[in-house]
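The values are calculated or read from the model by the stated rules, or taken from the named source; none is laboratory data. Source: prediction; values computed, not measured. So basically every Cβ, Gly included, is an ideal-geometry build from the backbone, and we count neighbours across all protein chains shown. These accessible areas exclude ligands, DNA and RNA; they are computed on the full protein's heavy atoms, side chains included. Shrake-Rupley method; radii C 1.70, N 1.55, O 1.52, S 1.80 Å.
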Amino acid sequence: MITIIKTFKFKLYQSHRNKKLHRQINAAGLTYNHCVKLHKRYYRLFHKTLNKAKLQKHMTKLKKIPKFNYFAEFGSQAMQNVAERIDFGYKKFFRKENKRPPKCRKVSKTKSFTLKQSGWKLDEDNHAITINGQKYRYHKSREIEGTIKTVTIKRDAVGDIYVFFVCQVEQNTVIPRLGKSIGFDFGLKDHILVAPTEEDDVDMPRFFQQNRNKLKKMQKKVSRKLLANTDHFVKKGKGLAPVYKRPIHECKNIQKCFKEQARLHRRIVNQREAYHWHLAYELCSRYALISLESLNMKWMQMGHGKKVGDYGFSEFLIILKYVASRCGTTIIQIDKWYPSSQLCHDCGYQNKHIKDVRIREWTCPKCGKYHDRDRNAAINILKEGLRQLKAI
Ligand SMILES: [Zn+2]
């Protein structure tokens, strides 16, 4: 048995009661900003970072003052969670994992707050959850497994509210099974995952590309409306900034357009994710060993641009690894410096000229075998994967 963390996501019903949650999320945003400012002021005065416990203690005191009573609106645990989040952000910054320390952000862009043991009550049979004393119903798309550790209320760009249950789940360990094995090379020319033989090749649709015209139309609509609302331009930095006749957040039509755009973006993300799950299950049911290249995403994006992001490889790999662990499929990732495309799969000769990505086909100077670049690489990746498996 192993313990894993699983997150279950449910959408809340559309309801007028949701405005209470919106208010609580906004309050979380205000609290966040207040704490960030406190951190900064503390550093300026004492040249030390403010520690979490001190901040939490201070906030508990503050919420008794009428001016700050919005602190308590979303529960004292959620308030402590805000302090934890900022602390986490600073720690990441000091470890140089983040480039910037946490900073103030727009309250309307705040997304979530998290509750731990208290402040919520789940009624699974009625598909309902009580958050800070108010009952909300959610679309129950599946059963919740394991013990719930935290509950997060999250708002997306469209304005819909979701509830996330982070659960600790006990699962049986799955023993790796035997079966077919395959190696994949990432090719961005004809197919996405190139296998040693043609019939095993895998393709992925480019959902962003498919919806690009729709998005363009929406963007045009927005910019037309913004222009109609613009009074004049002022100089700002290198460019010009518009001065609006009416503030944007008051223009209902423009807000509607923004929402429409956000909805389409959400649709694209959902489509892509659904496809990833399907593909991962299909691959894992077909093969017992999948050998892949480790990718350097930054490097790939430099070469191919937007296309790479549209496939969402990194997300796909996470899903694939999870599904594989459940199905008993072994995933092996070959080191990114392994010269998979330079080696001849037949005799092992390393042809250094093939570094140039423009060469799609080549003939081995040693044994005279004709190679397709990606297919040869896929065979090498599979070979290397099998070798590593034996070495374990
Ligand atoms: Zn050869």
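Probing with 1.4 Å while keeping every protein chain in the model, the per residue accessible area of region 273-392 equals 56 Å². Spin-label model, A128 to K238: label points 7 Å out along the Cα-to-beta-carbon direction sit 5.7 nm apart. Residues in region 209-266 average 81 Å² of solvent-accessible surface per residue, probe 1.4 Å, ligands and nucleic acids excluded.
Which FRET efficiency value, to the nearest 0.05, is calculated for K9 and E199 with the Förster distance at 35 angstrom and r the Cβ-Cβ distance? Result of the calculation: an efficiency of 0.45. I379 sits among other residues whose Cβ lies under 14 Å from its own Cβ, and their net charge, with Lys and Arg +1 and Asp and Glu -1, is -4. Note on the chain: the C-alpha convex hull projects to 26.6 nm² when averaged across all orientations. GNM on the chain, alpha-carbon springs under 10 angstrom: the most fluctuating residue among N211, N51, N18 is N51.
Scalar couplings 3J(HN,Hα) for region 223-238, obtained by applying the Karplus form with A = 6.51, B = -1.76, C = 1.60 to θ = phi - 60°, are 5, 5, 5, 5, 5, 5, 8, 7, 8, 7, 10, 10, 6, 9, x, 8 Hz; x denotes Gly and Pro. Across W277, W362, the residue with the most accessible area heads the list, and the full order at a 1.4 Å probe is W277, W362.
Rolling a 1.4 Å probe over the heavy atoms of the protein chains gives region 1-65 an accessible area of 65 Å² per residue. Amide hydrogen proximity for T150: with H placed 1.01 Å from N in the peptide plane, the residues at 5 or more positions away or on another chain lying under 5 Å are V166.
I need the shape label for region 1-109. Rule: rounded when a/c is under 1.5, else prolate if a/b > b/c, else oblate, with a, b, c from the alpha carbon gyration tensor. It comes out oblate by the Cα gyration axes. Remark: spin-label model distance E273-E143 equals 2.3 nm, labels positioned 7 Å along the Cα→Cβ axis. Surface composition of the chain: carbon plus sulfur atoms hold 53% of the accessible area, using a 1.4 angstrom probe and ignoring ligands, DNA and RNA. Under a 5 Å amide H cut-off, with hydrogens placed 1.01 Å from N, S291 pairs with I182, G183, F184, I332 among residues at least 5 apart or on other chains.
Spin-label model, A228 to Q388: label points 7 Å out along the Cα-to-beta-carbon direction sit 5.7 nm apart. Pairs of Cα atoms nearer than 8 Å and 6+ residues apart set the relative contact order; for the chain it is 16 percent. The HN-Hα couplings worked out from phi for region 60-70 by the Karplus form 6.51 cos²θ - 1.76 cosθ + 1.60 (θ = phi - 60°) are 4, 5, 4, 5, 7, 6, x, 4, 10, 6, 5 Hz, whole numbers, x standing for Gly and Pro. Protein-only accessible surface at a 1.4 angstrom probe places the residues S341, S76 in the order S76, S341, largest first.
How far is helix 18-46 tilted off the main Cα axis of the chain, in degrees rounded to 10, range 0 to 90? Value to nearest ten degrees: 90. Computed from backbone phi with θ = phi - 60° and the Karplus coefficients 6.51, -1.76 and 1.60, the 3J(HN,Hα) list for region 203-217 is 10, 10, x, 9, 5, 5, 4, 4, 9, 5, 5, 4, 4, 4, 4 Hz; x is used for glycine and proline.
Computed with every protein chain present, the accessible area of Y32 is close to 30 Å² [probe 1.4 Å]. If the segment from N172 to Q209 were pulled out straight at 0.36 nm per residue, it would be longer than the present Cα-Cα gap by 9.3 nm. In plain terms, the chain is cut at each of the GluC sites (Glu not before Pro) found in a DSSP loop with at most 11 other Cβ atoms within 10 Å, and the longest leftover piece is 144-392. With everything on Cα atoms, drop me the angle between helix 313-327 and the longest principal axis of the chain, reported from 0 to 90° to the nearest 10. Approximately 80 degrees, to the nearest 10. Convex hull of alpha carbon positions in region 62-140: directionally averaged projected area 7.5 nm².
Computing FRET efficiency as 1/(1 + (r/R0)^6) for K256 and K216, where r is the C-beta to C-beta distance and R0 is 30 Å, gives about 0.95.
Note on the chain: with a GNM built from Cα contacts shorter than 10 Å, the maximum mean-square fluctuation among H139, H276, H232 falls on H232. For helix 76-94, report the angle its Cα long axis makes with the longest principal axis of the Cα atoms of the chain; keep it between 0 and 90° and round to the nearest 10°. Once rounded, one gets 50 degrees.
Estimated from the Cβ-Cβ distance and a Förster radius of 41 angstrom, the FRET efficiency linking R17 and A53 is about 0.70.
Segment H304..K189, full-extension length gain: 40.4 nm, with 0.36 nm per residue of separation and the alpha-carbon distance subtracted.
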